[in-house]
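A quick write-up on the structure given underneath.
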Amino acid sequence: MSEPFYPIPPSFGALMKPQGAERNFVEELKTLHTYEEAIKRFGGEKKLQEFPLIDKLLKSFSLSSFSELKQKLPFQELIDYLAEETIVQKITVEESIIQNINLYLSSKPKEFYFDREYGCIVHNYDFRQLNDTPSKDQLKRTISDYLQKFEKRITVNTVSIEINDVQESVEGSHPRICRYITITIAGILVQTQERLREMKFRLVRYT
């Protein structure tokens, strides 16, 4: 079995896109008044079930279909529940830390006005040239500095970097080199002194 990784989006915008789509879905529902209007607007019950928020809600109530959901929840209660889910998502401290690190790794330096140094240097390099890649030491240093400055909920024990090139076959085209940058962070939760499981992040770049 392959090791689990937290895939890093190619940009901050890509990271935020799914969250924006969820909010747009809820805002659209807010303009409606009944389940019948929602079913008509989104093209049927099966289409509605495909939305992650609806799927999550069905699972939380142990329901198997949108029809069962209609019988269980009044439409306005559905709206209220979905609105709360998109505003306040209940996650663990560890999940919050992972999200915070993922945000940093997917952000370009100088992208945010509140701190021009925020953002991972990996985005400053052109991976189409094999020699234009940050060194392991550069990445390790910049990530360690970020964690010390922005993620004070953990005490970092180790930051390790692995950079591997893999040749991928592309149908109808020449093979291309895929560069995997794997970042592994080990640390302790400051509040409880609990040792966290290793957090592995993988960034993929094509040359």
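What follows draws every value from the coordinates through simple rules; no lab data is involved. Note that the structure is a prediction, hence the values are computed from the model and not measured. Quick reminder, even Gly has a Cβ in these numbers, built from the backbone with ideal geometry, and neighbours come from all protein chains shown.
Do any GluC sites (Glu not before Pro) in region 135-199 lie in a loop, going by DSSP, with at most 11 other beta-carbon atoms within 10 Å of their beta carbon, and if so which?
171
Calculate, for residue 92 and residue 46, the FRET efficiency according to 1/(1 + (r/R0)^6) with r their C-beta to C-beta distance and R0 30 Å; round to the nearest 0.05.
On the way: r = 32 Å, r/R0 = 1.08.
Here the calculated transfer efficiency is 0.40.
Here are some pairs, 46/70; 30/59; 56/108; which of them have Cα atoms lying more than 20 Å apart in this structure?
Where the Cα-Cα span goes over 20 Å, the pairs concerned are 30/59; 56/108.
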